[in-house]
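Written below as structure tokens is the structure these notes are about.
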Protein chains: 2
Amino acid sequence: MGLSKTASFSTEQNRIAELAKALAHPARVAIVQYLLKAEACICGDLVDALPLSQSTVSQHLKALKTAGIITGSVEPPKVCYCLNITVLKEFNSAFGEMFSRCC
Amino acid sequence: MGLSKTASFSTEQNRIAELAKALAHPARVAIVQYLLKAEACICGDLVDALPLSQSTVSQHLKALKTAGIITGSVEPPKVCYCLNITVLKEFNSAFGEMFSRCC
DNA sequence: ACCGTTCATCGTAATATTGCGATAAGTTTC
DNA sequence: GAAACTTATCGCAATATTACGATGAACGGT
């Protein structure tokens, strides 16, 4: 059916999957890496930095925003994108907790 | 088009995205958690543990195997699934490297 | 008021994912 | 060999994702 049976799994499992899905595309990985390297908020040079059209980049940014990984603040005429450190820590602890035992 | 422009991104970015995609579904998160909790190889109780049909579980297992996160060894009449510690370490270092600077 | 710049959204098309039942493939046991 | 058990694969349908061009919304400067 193509329907993810979200309701059948725990909130934690769904959240981990949501965070993973946000990074499940190389363009979104590239965006996050770009923001990390800049160590600052970036006022939308991302379209130039990526081999994708403006509308596609905007869609990927929306996906990252929905997952909470980045935030965007309007700074006319541009929009500044920042990594959300709180959610990155959540990401680290979620996956760290999973794998700390074995690795 | 729905085509991921894989060739436009670095090998590292594609690999990170591939690993993330493997955990981008709550069922696959549940499978990995189950294997972690068991701290051993599991001979296919997974279908009982998940609210999904046998064929669907088999598909998710295939996805995890393709990404290298688990391995399956035939132990007739069952198949034993194990976490691949090497790839879990790869996972940890890939994401740890990304986020260590900021968190 | 009119541009130009920047970004989001809409509409569309191609492809991928998710899920299940049915069926096939591989063993062991009888 | 036949039957039982376990897992993989096929075929299908519903939905999601990816990508782009075109258009729209918001703002600043002229």
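The values are calculated or read from the model by the stated rules, or taken from the named source; none is laboratory data. The shown structure was predicted, so the numbers you read here are calculated from the model rather than taken from an experiment. In this analysis, Cβ positions are derived from the backbone assuming ideal geometry, glycine residues included, and neighbour counts consider all displayed protein chains. Accessible surface is based on the protein model in full, side chains and every heavy atom, while ligands, DNA and RNA are left aside. Shrake-Rupley method; radii C 1.70, N 1.55, O 1.52, S 1.80 Å.
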Margin query: Anything in segment A:10-33 that is under 10 Å from the mean Cα position of the chain (by Cα) and among the basic types (Lys, Arg)? List them, or say none.
Written below: A:Lys21, A:Arg28
Check: So which of B:Ser4, B:Ser58, B:Ser73 is assigned to a loop (DSSP other than H, G, I, E, B), open to solvent by 40 Å² or more (accessible area, probe 1.4 Å) and out of contact with any Gly (no Cβ under 7 Å at 6 or more places or on another chain)?
Finding: B:Ser4
Next item on the list: Could you tell me which of the residues A:Leu64, A:Leu35 is touching a strand residue (DSSP E or B) at 6+ places or on another chain (Cβ under 9 Å), within 15 Å of DNA strand C (Cβ to nearest atom), within 11 Å of chain B (Cβ to nearest Cβ) and of a type outside the set (S, T, N, Q)?
Entry: A:Leu35
Note to self: Let me spell it out: the conditions are (1) more than 7 Å from chain A (Cβ to nearest Cβ); (2) within 12 Å of DNA strand D (Cβ to nearest atom); (3) part of a helix (DSSP H, G or I), and B:Val79 meets all of them except one. Which number is the exception?
What the structure shows: (3)
Notebook entry, point to check: Out of curiosity, is B:Pro26 facing another protein chain (nearest Cβ under 8 Å) and open to solvent by 40 Å² or more (accessible area, probe 1.4 Å)?
Noted result: no
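Sort out which residues of segment B:38-51 are more than 7 Å from chain A (Cβ to nearest Cβ) and not small (Gly, Ala, Ser), and write them in order of number. Give the steps one after another, and end with the answer.
Filtering segment B:38-51 down to residues more than 7 Å from chain A (Cβ to nearest Cβ) leaves B:38-50.
Hits for segment B:38-51 are B:Glu39, B:Cys41, B:Ile42, B:Cys43, B:Asp45, B:Leu46, B:Val47, B:Asp48, B:Leu50.
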Check: Which one is farthest from B:Ile16 (Cα to Cα) among residues in segment A:7-22 that are free of Cβ contacts under 8 Å to residues at least 24 places away in the same chain and at the interface with chain B (Cβ under 7 Å from one of its Cβ atoms)?
Finding: A:Ser8
Check: From A:Ala24, A:Ala30, which residue is within 25 Å of B:Pro26 (Cα to Cα), in a helix (DSSP H, G or I), modelled with pLDDT of 95 or more and not charged (D, E, K, R)?
Finding: A:Ala30
